[in-house]
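Each value in this text was obtained by applying a stated rule to the coordinates, not by laboratory testing. All values derive from a computational prediction rather than experimental measurement. With ideal geometry, Cβ positions are generated from the backbone for all residues, glycine too; neighbour counts draw on all protein chains shown.
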Amino acid sequence: MSITFHIPGPLRAFTAGLSRVEIASSPATLRDALENLCAAFPGIRDRIVNEEGQVREHINVFVGNEDVRYTGGLATPVSAGAEILIIPAISGGGGNGRKTGLKLNFDGGCR
């Protein structure tokens, strides 16, 4: 059975525009799964992992609903049929120092 990677918009240039990439193999760990992805799309490697081979600080990876930072990192087990989400961190704000007029509620809403 295959596994599926969900590719975010900023990284789709490295997967021929694909938002989903299915890997036919059944890797045991996230490291194995990423190696398969990078073998198929070599340009994506440097966007996901750093020079030491670890997931970049600004990249979040989930196997199913679990953040791999809390499940073993690259050693996180991957089961057949797993879905792996790659999500770049989002940061920033208005950038020009002006107030936007929005106030954040603690429940995540804006007013």
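Taking H as built 1.01 Å from N, whose amide H comes closer than 5 Å to the amide H of Asn60, not counting residues under 5 places away?
Long-range HN contacts for Asn60: Ile87, Ala89.
At a 10 angstrom cut-off on C-beta neighbours, averaged per residue, how do the peptides 45-56, 22-33 rank from highest to lowest?
Averaged packing, sorted descending, gives the order 22-33, 45-56.
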